[in-house]
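The values are calculated or read from the model by the stated rules, or taken from the named source; none is laboratory data. Predicted, not measured: the structure shown is a model, and the values here were computed from it. Note: ideal-geometry Cβ built from the backbone for every residue, glycine included; neighbour counts use all protein chains shown.
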Amino acid sequence: MRSTVAALAASALLLLAAALLFHATPAQSYVPSLSASASGPQPSRWNLAAQSVQWNLNKTIKTNIQGTRSVEQVMLDSFAPWTSVPNASLAITEGATTTVSSEAASTATINLICFVCTDADFSKDSSTLAVTLTTAADASSVGRPNPQGGTIQFAGQLMKADIIFNPSVTFNTDGPCASPCQELQTVATHEIGHFVGLSHSPVMRAVMFPANGGATALAYDDVAGVDYLYGPGGPANACASLGCISGTVRNGLGAGVFEAHVFAESTTALQFYPSPIRKSPIGSVTRPDGTYIITGLPADSYVVTAEPLDGPMTASDISAYAPAYGQTTGPTNFTTRQH
Amino acid sequence: MKRLAGIAMLLALAAVCGATTVIPLSVEQLTADADEVVEARAVRSWSAWNPQRTIIYTFTDFNVTSRLKGASPDVITVKQMGGHADGLIQTIAGLRYFQDGEEALLFLRRSAMNDGTRVIVGLMQGNFRVWTARTGHRMASNGVPHVNAVEGSQVRTYGGTSLELDAIEARVRKAVR
(Lines give C-alpha, C1' and ligand atoms only; values in the text may rest on other atoms or scores of the structure.)
Protein backbone atom coordinates (compact mmCIF):
# COMPACT_ATOMS: atom_id res chain seq x y z
CA MET A 1 0.00 0.00 0.00
CA ARG A 2 2.84 2.35 0.69
CA SER A 3 4.20 1.61 -2.79
CA THR A 4 0.89 2.65 -4.33
CA VAL A 5 0.79 5.91 -2.46
CA ALA A 6 4.37 6.65 -3.40
CA ALA A 7 3.68 6.03 -7.08
CA LEU A 8 0.67 8.32 -7.11
CA ALA A 9 2.72 11.05 -5.58
CA ALA A 10 5.83 10.47 -7.61
CA SER A 11 5.64 13.93 -9.09
CA ALA A 12 5.56 15.58 -5.74
CA LEU A 13 8.82 17.11 -4.71
CA LEU A 14 9.74 17.05 -1.11
CA LEU A 15 12.19 19.67 -0.06
CA LEU A 16 13.91 19.05 3.20
CA ALA A 17 15.96 21.80 4.69
CA ALA A 18 18.02 20.48 7.54
CA ALA A 19 20.63 22.31 9.49
CA LEU A 20 22.61 21.06 12.46
CA LEU A 21 21.92 23.42 15.29
CA PHE A 22 22.94 23.31 18.87
CA HIS A 23 20.89 26.23 20.11
CA ALA A 24 17.87 26.16 17.86
CA THR A 25 14.47 27.58 18.65
CA PRO A 26 12.92 24.90 20.81
CA ALA A 27 9.76 23.07 19.93
CA GLN A 28 8.65 19.52 20.31
CA SER A 29 11.04 16.85 19.33
CA TYR A 30 10.01 13.26 19.66
CA VAL A 31 6.26 13.14 20.31
CA PRO A 32 5.21 14.44 23.69
CA SER A 33 1.58 14.36 24.67
CA LEU A 34 0.20 17.72 23.61
CA SER A 35 -2.70 19.78 24.83
CA ALA A 36 -4.21 22.63 22.85
CA SER A 37 -4.06 26.06 24.44
CA ALA A 38 -4.43 29.68 23.41
CA SER A 39 -0.67 29.97 23.28
CA GLY A 40 -0.33 26.90 21.10
CA PRO A 41 0.14 23.23 21.91
CA GLN A 42 1.71 22.57 25.26
CA PRO A 43 3.60 19.41 26.18
CA SER A 44 2.23 17.49 29.12
CA ARG A 45 4.78 17.10 31.91
CA TRP A 46 5.06 17.00 35.63
CA ASN A 47 6.18 20.10 37.50
CA LEU A 48 8.94 18.33 39.38
CA ALA A 49 10.35 21.57 40.73
CA ALA A 50 7.21 22.15 42.75
CA GLN A 51 5.76 18.72 43.25
CA SER A 52 6.92 15.35 44.48
CA VAL A 53 5.50 12.75 42.12
CA GLN A 54 4.78 9.32 43.47
CA TRP A 55 2.94 6.29 42.18
CA ASN A 56 0.53 4.41 44.38
CA LEU A 57 0.21 0.69 43.84
CA ASN A 58 -2.75 -1.42 44.76
CA LYS A 59 -0.94 -4.69 45.37
CA THR A 60 -4.08 -6.76 45.02
CA ILE A 61 -3.83 -9.20 42.14
CA LYS A 62 -5.88 -12.05 40.81
CA THR A 63 -5.02 -15.27 39.04
CA ASN A 64 -4.39 -13.45 35.77
CA ILE A 65 -1.02 -12.37 37.21
CA GLN A 66 1.47 -15.19 36.92
CA GLY A 67 5.15 -15.51 37.81
CA THR A 68 7.31 -15.35 40.88
CA ARG A 69 8.29 -11.68 40.84
CA SER A 70 5.88 -9.34 42.62
CA VAL A 71 4.00 -6.71 40.65
CA GLU A 72 5.62 -4.15 42.94
CA GLN A 73 9.08 -5.27 41.87
CA VAL A 74 8.04 -5.23 38.22
CA MET A 75 6.80 -1.67 38.58
CA LEU A 76 10.02 -0.60 40.31
CA ASP A 77 12.04 -2.21 37.52
CA SER A 78 9.82 -0.57 34.91
CA PHE A 79 10.08 2.94 36.36
CA ALA A 80 13.86 2.66 36.80
CA PRO A 81 14.87 3.18 33.14
CA TRP A 82 12.77 6.33 32.96
CA THR A 83 13.92 7.88 36.20
CA SER A 84 17.60 7.23 35.40
CA VAL A 85 17.65 8.81 31.95
CA PRO A 86 20.96 10.67 31.45
CA ASN A 87 20.83 14.48 31.35
CA ALA A 88 17.35 14.62 32.84
CA SER A 89 15.87 14.96 36.29
CA LEU A 90 12.84 12.75 36.56
CA ALA A 91 12.41 11.90 40.22
CA ILE A 92 9.31 9.74 40.43
CA THR A 93 9.21 7.41 43.38
CA GLU A 94 7.04 4.73 44.89
CA GLY A 95 4.49 6.20 47.25
CA ALA A 96 2.20 4.63 49.76
CA THR A 97 0.32 1.60 48.64
CA THR A 98 -3.41 1.97 48.24
CA THR A 99 -6.52 -0.14 48.43
CA VAL A 100 -8.30 1.87 45.78
CA SER A 101 -9.69 -0.71 43.40
CA SER A 102 -11.63 1.31 40.88
CA GLU A 103 -10.81 4.18 38.58
CA ALA A 104 -13.90 5.98 39.81
CA ALA A 105 -12.49 5.97 43.35
CA SER A 106 -9.07 7.17 42.27
CA THR A 107 -8.99 10.69 43.62
CA ALA A 108 -6.80 13.52 42.40
CA THR A 109 -4.34 12.96 45.24
CA ILE A 110 -3.00 9.62 44.02
CA ASN A 111 -1.44 8.16 40.89
CA LEU A 112 -3.00 4.74 40.89
CA ILE A 113 -1.50 1.57 39.48
CA CYS A 114 -4.18 -1.07 39.50
CA PHE A 115 -4.51 -4.69 38.43
CA VAL A 116 -8.07 -5.25 39.63
CA CYS A 117 -9.90 -2.15 38.44
CA THR A 118 -12.87 -3.30 36.42
CA ASP A 119 -14.70 -0.03 35.88
CA ALA A 120 -12.68 0.94 32.85
CA ASP A 121 -15.02 -0.35 30.18
CA PHE A 122 -12.15 -1.81 28.20
CA SER A 123 -11.70 -4.43 30.90
CA LYS A 124 -14.16 -6.70 29.13
CA ASP A 125 -11.95 -6.59 26.04
CA SER A 126 -8.94 -8.83 26.36
CA SER A 127 -7.45 -7.09 23.33
CA THR A 128 -6.56 -3.99 25.33
CA LEU A 129 -3.72 -4.80 27.68
CA ALA A 130 -3.50 -1.60 29.68
CA VAL A 131 -4.29 2.09 29.52
CA THR A 132 -2.80 5.16 31.11
CA LEU A 133 -5.23 7.94 31.89
CA THR A 134 -3.42 11.24 32.38
CA THR A 135 -4.90 14.47 33.67
CA ALA A 136 -3.32 17.76 32.61
CA ALA A 137 -4.23 21.37 33.26
CA ASP A 138 -5.20 23.80 30.53
CA ALA A 139 -4.34 27.48 30.59
CA SER A 140 -7.47 28.41 32.54
CA SER A 141 -6.30 26.28 35.47
CA VAL A 142 -2.98 28.04 35.96
CA GLY A 143 -2.86 29.44 39.49
CA ARG A 144 -5.33 26.96 40.91
CA PRO A 145 -4.30 24.61 43.71
CA ASN A 146 -2.84 21.31 42.60
CA PRO A 147 -4.34 18.47 44.67
CA GLN A 148 -0.93 16.77 44.67
CA GLY A 149 0.84 19.84 46.00
CA GLY A 150 1.46 23.51 45.23
CA THR A 151 -0.34 25.36 42.48
CA ILE A 152 -0.69 24.75 38.79
CA GLN A 153 2.01 26.78 37.12
CA PHE A 154 1.73 26.09 33.40
CA ALA A 155 -0.68 24.78 30.79
CA GLY A 156 0.00 21.13 30.15
CA GLN A 157 1.11 20.49 33.71
CA LEU A 158 0.38 16.91 34.60
CA MET A 159 -1.68 16.59 37.75
CA LYS A 160 -2.43 12.90 37.85
CA ALA A 161 -1.72 9.68 35.97
CA ASP A 162 -3.26 6.28 36.53
CA ILE A 163 -2.17 3.03 34.91
CA ILE A 164 -4.87 0.39 34.67
CA PHE A 165 -3.87 -3.11 33.65
CA ASN A 166 -6.65 -5.14 32.13
CA PRO A 167 -7.75 -7.75 34.68
CA SER A 168 -8.97 -9.93 31.81
CA VAL A 169 -5.46 -10.34 30.42
CA THR A 170 -2.92 -12.86 31.65
CA PHE A 171 0.39 -11.22 32.53
CA ASN A 172 3.65 -12.88 33.51
CA THR A 173 5.95 -11.07 35.92
CA ASP A 174 9.03 -13.16 35.14
CA GLY A 175 9.52 -12.53 31.45
CA PRO A 176 8.23 -13.42 28.00
CA CYS A 177 5.43 -15.95 27.87
CA ALA A 178 3.37 -17.70 25.23
CA SER A 179 0.39 -15.88 23.73
CA PRO A 180 -2.14 -14.84 24.89
CA CYS A 181 -0.04 -14.23 28.01
CA GLN A 182 1.83 -10.91 28.03
CA GLU A 183 5.11 -10.01 29.69
CA LEU A 184 4.15 -7.48 32.34
CA GLN A 185 7.35 -5.46 32.35
CA THR A 186 7.25 -4.60 28.63
CA VAL A 187 3.68 -3.36 28.93
CA ALA A 188 4.44 -1.47 32.15
CA THR A 189 7.54 0.20 30.70
CA HIS A 190 5.50 1.49 27.76
CA GLU A 191 2.65 2.72 29.95
CA ILE A 192 5.09 4.56 32.22
CA GLY A 193 6.25 6.45 29.15
CA HIS A 194 2.69 7.81 28.94
CA PHE A 195 2.76 8.43 32.70
CA VAL A 196 5.72 10.79 32.30
CA GLY A 197 4.11 12.65 29.40
CA LEU A 198 5.13 10.91 26.20
CA SER A 199 2.87 9.95 23.36
CA HIS A 200 3.66 7.25 20.85
CA SER A 201 6.85 7.38 18.82
CA PRO A 202 7.16 6.56 15.13
CA VAL A 203 10.60 5.04 15.82
CA MET A 204 10.11 1.28 15.79
CA ARG A 205 12.97 0.55 18.19
CA ALA A 206 11.55 2.89 20.81
CA VAL A 207 9.70 1.63 23.84
CA MET A 208 7.06 4.19 22.93
CA PHE A 209 6.42 2.67 19.52
CA PRO A 210 2.74 1.74 19.76
CA ALA A 211 3.11 -1.99 19.19
CA ASN A 212 4.57 -4.09 21.93
CA GLY A 213 8.04 -5.03 20.77
CA GLY A 214 9.11 -6.75 23.93
CA ALA A 215 11.57 -4.04 24.97
CA THR A 216 12.19 -3.15 28.59
CA ALA A 217 15.27 -1.00 27.97
CA LEU A 218 14.86 2.50 26.57
CA ALA A 219 16.07 3.51 23.14
CA TYR A 220 17.83 6.77 22.27
CA ASP A 221 14.50 8.10 21.02
CA ASP A 222 12.84 7.48 24.40
CA VAL A 223 15.77 9.15 26.14
CA ALA A 224 15.45 12.16 23.85
CA GLY A 225 11.78 12.45 24.77
CA VAL A 226 12.54 12.51 28.49
CA ASP A 227 15.42 14.93 27.97
CA TYR A 228 13.07 17.24 26.09
CA LEU A 229 10.51 17.25 28.91
CA TYR A 230 12.81 17.07 31.92
CA GLY A 231 16.28 18.11 30.71
CA PRO A 232 18.18 21.05 32.18
CA GLY A 233 16.43 23.61 30.00
CA GLY A 234 13.03 21.95 29.84
CA PRO A 235 11.01 22.23 26.64
CA ALA A 236 11.68 25.97 26.45
CA ASN A 237 15.41 25.42 26.09
CA ALA A 238 15.58 21.88 24.83
CA CYS A 239 18.84 22.34 22.94
CA ALA A 240 20.74 23.45 26.03
CA SER A 241 22.71 20.29 26.60
CA LEU A 242 22.39 18.07 23.55
CA GLY A 243 22.26 18.66 19.82
CA CYS A 244 19.27 19.65 17.74
CA ILE A 245 18.50 19.41 14.05
CA SER A 246 15.78 21.64 12.67
CA GLY A 247 14.35 22.36 9.26
CA THR A 248 11.22 22.40 7.14
CA VAL A 249 9.53 19.73 5.09
CA ARG A 250 7.91 21.22 1.98
CA ASN A 251 5.98 19.78 -0.93
CA GLY A 252 6.61 20.57 -4.57
CA LEU A 253 4.55 23.73 -4.33
CA GLY A 254 6.65 25.00 -1.48
CA ALA A 255 3.98 24.51 1.15
CA GLY A 256 4.91 23.05 4.50
CA VAL A 257 3.93 19.42 5.07
CA PHE A 258 2.14 18.83 8.36
CA GLU A 259 2.55 15.70 10.44
CA ALA A 260 5.46 14.21 8.53
CA HIS A 261 7.74 11.95 10.51
CA VAL A 262 11.31 13.25 10.45
CA PHE A 263 14.07 11.29 12.07
CA ALA A 264 17.82 11.48 12.43
CA GLU A 265 19.76 8.24 12.20
CA SER A 266 23.40 7.94 13.16
CA THR A 267 25.80 6.92 10.42
CA THR A 268 28.44 5.73 12.88
CA ALA A 269 28.83 2.94 15.40
CA LEU A 270 29.24 5.41 18.24
CA GLN A 271 27.51 4.37 21.45
CA PHE A 272 26.85 7.57 23.34
CA TYR A 273 24.71 6.12 26.12
CA PRO A 274 25.72 3.14 28.23
CA SER A 275 24.03 -0.24 27.92
CA PRO A 276 21.23 -1.21 28.23
CA ILE A 277 20.04 1.93 26.43
CA ARG A 278 19.60 0.87 22.82
CA LYS A 279 20.79 2.97 19.92
CA SER A 280 17.95 4.10 17.66
CA PRO A 281 16.98 6.95 15.37
CA ILE A 282 15.59 10.00 17.14
CA GLY A 283 12.47 11.40 15.60
CA SER A 284 10.08 14.29 15.45
CA VAL A 285 6.82 15.19 13.72
CA THR A 286 6.37 18.36 11.69
CA ARG A 287 4.19 21.26 12.73
CA PRO A 288 1.47 22.78 10.53
CA ASP A 289 3.99 24.95 8.67
CA GLY A 290 6.21 21.94 8.00
CA THR A 291 8.89 22.94 10.47
CA TYR A 292 10.41 20.43 12.81
CA ILE A 293 13.11 20.18 15.39
CA ILE A 294 14.74 17.01 16.61
CA THR A 295 16.22 17.45 20.06
CA GLY A 296 18.27 15.26 22.33
CA LEU A 297 20.87 14.32 19.71
CA PRO A 298 24.26 13.15 20.97
CA ALA A 299 27.23 14.57 19.04
CA ASP A 300 27.44 12.32 15.98
CA SER A 301 26.87 12.28 12.22
CA TYR A 302 23.29 11.79 11.07
CA VAL A 303 21.19 11.16 8.01
CA VAL A 304 17.84 12.94 8.25
CA THR A 305 14.82 11.27 6.70
CA ALA A 306 11.31 12.61 6.18
CA GLU A 307 8.52 10.14 5.57
CA PRO A 308 4.74 10.11 5.67
CA LEU A 309 2.99 8.67 8.70
CA ASP A 310 1.60 5.87 6.54
CA GLY A 311 2.70 2.93 8.60
CA PRO A 312 3.81 1.13 10.48
CA MET A 313 2.92 4.07 12.70
CA THR A 314 0.15 6.36 11.54
CA ALA A 315 -1.45 9.61 12.55
CA SER A 316 -4.04 7.76 14.60
CA ASP A 317 -1.31 6.53 16.90
CA ILE A 318 -0.77 10.15 17.92
CA SER A 319 -4.39 11.15 17.52
CA ALA A 320 -4.11 14.12 19.90
CA TYR A 321 -1.29 15.68 17.88
CA ALA A 322 -3.28 17.22 15.02
CA PRO A 323 -6.15 18.51 17.21
CA ALA A 324 -3.61 20.16 19.52
CA TYR A 325 -2.62 22.28 16.53
CA GLY A 326 -6.22 22.79 15.44
CA GLN A 327 -5.53 20.61 12.41
CA THR A 328 -6.83 17.50 10.79
CA THR A 329 -4.51 14.67 9.88
CA GLY A 330 -1.58 15.57 7.65
CA PRO A 331 -0.99 14.22 4.14
CA THR A 332 0.63 10.88 3.41
CA ASN A 333 0.91 11.22 -0.37
CA PHE A 334 4.57 12.10 -0.56
CA THR A 335 7.69 10.08 -0.91
CA THR A 336 10.34 9.35 1.65
CA ARG A 337 13.41 11.56 1.31
CA GLN A 338 16.80 11.37 2.96
CA HIS A 339 19.40 14.09 3.42
CA MET B 1 6.05 -8.89 0.46
CA LYS B 2 4.60 -5.91 2.18
CA ARG B 3 1.78 -5.87 -0.37
CA LEU B 4 1.09 -9.52 0.20
CA ALA B 5 0.84 -8.81 3.87
CA GLY B 6 -1.51 -5.97 3.05
CA ILE B 7 -3.75 -8.16 0.97
CA ALA B 8 -3.75 -10.77 3.68
CA MET B 9 -4.72 -8.12 6.13
CA LEU B 10 -7.61 -6.95 3.98
CA LEU B 11 -8.92 -10.45 3.70
CA ALA B 12 -8.42 -11.55 7.22
CA LEU B 13 -7.99 -8.68 9.53
CA ALA B 14 -9.39 -5.23 9.89
CA ALA B 15 -7.63 -4.25 12.98
CA VAL B 16 -5.73 -1.55 14.67
CA CYS B 17 -3.03 -1.08 17.19
CA GLY B 18 -3.59 2.51 18.07
CA ALA B 19 -3.33 3.63 21.60
CA THR B 20 -1.90 2.11 24.61
CA THR B 21 -1.16 -1.55 24.05
CA VAL B 22 -3.62 -3.63 22.11
CA ILE B 23 -3.98 -6.88 20.27
CA PRO B 24 -5.71 -6.49 16.89
CA LEU B 25 -9.20 -7.87 16.47
CA SER B 26 -10.69 -9.07 13.19
CA VAL B 27 -14.06 -7.88 11.95
CA GLU B 28 -15.41 -11.26 12.94
CA GLN B 29 -13.99 -10.98 16.46
CA LEU B 30 -15.30 -7.44 16.77
CA THR B 31 -18.73 -8.65 15.69
CA ALA B 32 -18.70 -11.52 18.17
CA ASP B 33 -17.70 -9.21 21.02
CA ALA B 34 -20.30 -6.57 20.12
CA ASP B 35 -23.87 -6.36 21.35
CA GLU B 36 -24.64 -4.03 18.48
CA VAL B 37 -23.06 -3.18 15.15
CA VAL B 38 -24.48 -0.03 13.57
CA GLU B 39 -23.83 2.59 10.97
CA ALA B 40 -24.51 6.01 12.39
CA ARG B 41 -23.85 9.71 12.13
CA ALA B 42 -22.47 11.77 15.02
CA VAL B 43 -24.72 14.68 15.89
CA ARG B 44 -23.45 16.01 19.21
CA SER B 45 -20.51 15.55 21.57
CA TRP B 46 -19.85 16.78 25.07
CA SER B 47 -17.61 15.96 28.01
CA ALA B 48 -18.61 15.56 31.63
CA TRP B 49 -17.29 14.27 34.93
CA ASN B 50 -18.49 11.05 36.48
CA PRO B 51 -20.42 11.57 39.75
CA GLN B 52 -17.25 11.12 41.81
CA ARG B 53 -15.45 13.78 39.71
CA THR B 54 -12.58 11.42 39.07
CA ILE B 55 -13.03 10.58 35.37
CA ILE B 56 -13.97 12.81 32.45
CA TYR B 57 -16.01 11.05 29.81
CA THR B 58 -16.75 12.23 26.29
CA PHE B 59 -20.26 11.39 25.11
CA THR B 60 -21.38 11.42 21.49
CA ASP B 61 -24.97 11.10 20.31
CA PHE B 62 -25.40 9.20 17.06
CA ASN B 63 -28.37 8.90 14.73
CA VAL B 64 -28.44 5.25 13.72
CA THR B 65 -28.89 4.76 10.00
CA SER B 66 -28.38 1.00 9.69
CA ARG B 67 -28.31 -1.96 12.05
CA LEU B 68 -26.08 -4.95 11.27
CA LYS B 69 -26.34 -6.62 14.66
CA GLY B 70 -28.66 -5.99 17.58
CA ALA B 71 -31.72 -3.79 17.88
CA SER B 72 -30.35 -0.35 18.59
CA PRO B 73 -32.72 2.56 19.09
CA ASP B 74 -32.69 5.38 16.58
CA VAL B 75 -30.43 7.50 18.77
CA ILE B 76 -27.58 6.06 20.80
CA THR B 77 -24.96 7.61 23.04
CA VAL B 78 -21.38 6.40 22.85
CA LYS B 79 -19.14 6.98 25.85
CA GLN B 80 -15.34 7.23 25.75
CA MET B 81 -12.93 7.82 28.60
CA GLY B 82 -11.12 11.15 28.50
CA GLY B 83 -12.11 14.64 27.51
CA HIS B 84 -11.90 18.28 28.51
CA ALA B 85 -13.87 19.74 31.41
CA ASP B 86 -13.41 22.49 33.97
CA GLY B 87 -9.90 23.38 32.87
CA LEU B 88 -8.63 19.81 32.92
CA ILE B 89 -7.78 17.50 30.07
CA GLN B 90 -7.88 13.74 30.53
CA THR B 91 -6.21 11.68 27.86
CA ILE B 92 -5.74 8.10 26.83
CA ALA B 93 -3.06 8.07 24.16
CA GLY B 94 -4.41 7.27 20.74
CA LEU B 95 -8.11 7.43 21.48
CA ARG B 96 -9.98 9.17 18.66
CA TYR B 97 -13.07 11.20 19.47
CA PHE B 98 -15.92 11.98 17.10
CA GLN B 99 -16.72 15.16 15.26
CA ASP B 100 -20.25 16.32 14.53
CA GLY B 101 -21.47 15.02 11.21
CA GLU B 102 -18.95 12.20 11.09
CA GLU B 103 -20.24 8.90 9.77
CA ALA B 104 -19.08 5.75 11.48
CA LEU B 105 -19.48 2.01 11.55
CA LEU B 106 -19.50 1.13 15.22
CA PHE B 107 -19.01 -2.14 17.07
CA LEU B 108 -20.57 -1.50 20.47
CA ARG B 109 -21.18 -3.03 23.84
CA ARG B 110 -23.56 -1.74 26.42
CA SER B 111 -21.57 -0.03 29.13
CA ALA B 112 -20.85 -2.18 32.14
CA MET B 113 -22.05 0.75 34.22
CA ASN B 114 -25.62 0.18 33.01
CA ASP B 115 -26.07 3.87 32.32
CA GLY B 116 -27.69 3.41 28.92
CA THR B 117 -24.57 4.37 27.02
CA ARG B 118 -22.56 2.25 24.63
CA VAL B 119 -18.79 1.74 24.61
CA ILE B 120 -16.61 0.83 21.65
CA VAL B 121 -15.38 -2.75 21.48
CA GLY B 122 -11.61 -2.97 21.71
CA LEU B 123 -11.25 0.55 23.12
CA MET B 124 -10.90 2.10 19.67
CA GLN B 125 -10.78 -0.87 17.37
CA GLY B 126 -14.54 -0.99 16.85
CA ASN B 127 -14.62 2.61 15.61
CA PHE B 128 -14.61 2.71 11.80
CA ARG B 129 -14.81 6.09 10.14
CA VAL B 130 -16.93 5.95 6.96
CA TRP B 131 -16.40 8.15 3.90
CA THR B 132 -16.92 8.19 0.16
CA ALA B 133 -13.76 7.71 -1.88
CA ARG B 134 -13.04 9.55 -5.14
CA THR B 135 -14.05 6.37 -6.93
CA GLY B 136 -17.49 6.69 -5.39
CA HIS B 137 -16.98 3.64 -3.22
CA ARG B 138 -18.05 3.84 0.37
CA MET B 139 -15.02 3.11 2.49
CA ALA B 140 -14.50 2.40 6.18
CA SER B 141 -11.37 2.43 8.27
CA ASN B 142 -10.91 2.03 11.96
CA GLY B 143 -8.68 5.06 11.87
CA VAL B 144 -5.36 3.43 11.31
CA PRO B 145 -4.25 2.96 7.72
CA HIS B 146 -1.74 0.31 8.69
CA VAL B 147 -1.73 -2.18 11.47
CA ASN B 148 0.81 -3.09 14.07
CA ALA B 149 -0.19 -6.38 15.50
CA VAL B 150 1.04 -7.97 18.67
CA GLU B 151 0.91 -11.71 18.29
CA GLY B 152 2.62 -13.38 21.19
CA SER B 153 6.13 -12.00 21.27
CA GLN B 154 6.01 -11.12 17.57
CA VAL B 155 5.24 -7.68 16.23
CA ARG B 156 3.90 -7.81 12.72
CA THR B 157 3.24 -4.95 10.37
CA TYR B 158 0.30 -5.24 8.04
CA GLY B 159 -0.30 -3.03 5.05
CA GLY B 160 -3.69 -1.86 3.88
CA THR B 161 -5.54 1.30 4.60
CA SER B 162 -9.23 0.69 4.53
CA LEU B 163 -11.97 -1.63 3.46
CA GLU B 164 -14.99 -1.07 1.28
CA LEU B 165 -17.99 -0.66 3.51
CA ASP B 166 -19.89 -3.30 1.53
CA ALA B 167 -17.17 -5.83 2.29
CA ILE B 168 -17.24 -5.17 6.00
CA GLU B 169 -21.03 -5.29 6.06
CA ALA B 170 -20.94 -8.67 4.36
CA ARG B 171 -18.44 -9.99 6.85
CA VAL B 172 -20.45 -8.72 9.79
CA ARG B 173 -23.67 -10.25 8.46
CA LYS B 174 -21.91 -13.56 7.87
CA ALA B 175 -20.48 -13.49 11.37
CA VAL B 176 -23.91 -12.77 12.84
CA ARG B 177 -25.55 -15.73 11.10
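Observations on the model:
- Failed criterion for B:Asn63 (all others in (1) in contact (Cβ under 8 Å) with a residue 12 or more places away in the chain; (2) within 9 Å of another protein chain (Cβ to nearest Cβ); (3) on the phi < 0 side of the Ramachandran plot hold): (2)
- Per the listing A:Val187, A:Val226, A:Val169, the residue uniquely assigned to a helix (DSSP H, G or I), farther than 14 Å from A:Ile282 by Cβ, of a type outside the set (Ser, Thr, Tyr) and at pLDDT 85 or above is A:Val187.
- Tally of residues being within 20 Å of A:Leu90 (Cβ to Cβ), touching a helix residue (DSSP H, G or I) at 6+ places or on another chain (Cβ under 9 Å) and buried (at least 24 other Cβ atoms within 10 Å of the Cβ) across region A:210-222: 2
- Within region A:111-137, tally of residues that are of a type outside the set (Val, Ile, Thr) and either farther than 16 Å from B:Val119 by Cα or assigned to a strand (DSSP E or B) (or both): 10
- Index of the failed condition, B:Glu151 passing every other in (1) buried (at least 22 other Cβ atoms within 10 Å of the Cβ); (2) at pLDDT below 80; (3) under 22 Å from A:Lys124 (Cα atoms): (1)
- Members of region A:106-118 found to be more than 7 Å from every other protein chain (Cβ to nearest Cβ) and either out of contact with any strand residue (DSSP E or B) (no Cβ under 7 Å at 6 or more places or on another chain) or without any contact (Cβ under 8 Å) to a residue 60 or more places away in the chain (or both), listed by number: A:Ala108, A:Thr109, A:Ile110, A:Leu112, A:Ile113, A:Cys114, A:Phe115, A:Val116, A:Cys117, A:Thr118
- Remark: pairs (first residue in region A:78-94, under 15 Å from A:His190 (Cβ atoms); second residue among the aliphatic types (A, V, I, L, M) and exposed (fewer than 14 other Cβ atoms within 10 Å of the Cβ); Cβ separation under 8 Å; 6+ apart in sequence or on different chains) = A:Pro81/A:Ala217.
- Options B:Ile23, B:Ile56, B:Ile92: the member that is within 14 Å of another protein chain (Cβ to nearest Cβ), surrounded by 15 or more Cβ atoms within 10 Å (Cβ to Cβ), within 29 Å of A:Val196 (Cα to Cα) and modelled with pLDDT of 95 or more: B:Ile56
- Subset of region A:148-166 (residues that are assigned to a loop (DSSP other than H, G, I, E, B) and within 11 Å of chain B (Cβ to nearest Cβ)): A:Ile152, A:Ala155, A:Gly156, A:Asn166
- Out of A:Pro86, A:Pro81, sole residue that is away from chain B (no Cβ under 13 Å), in contact with a helix residue (DSSP H, G or I) (Cβ under 9 Å, 6 or more places away or on another chain) and either acidic (Asp, Glu) or not in a loop (DSSP other than H, G, I, E, B) (or both): A:Pro81
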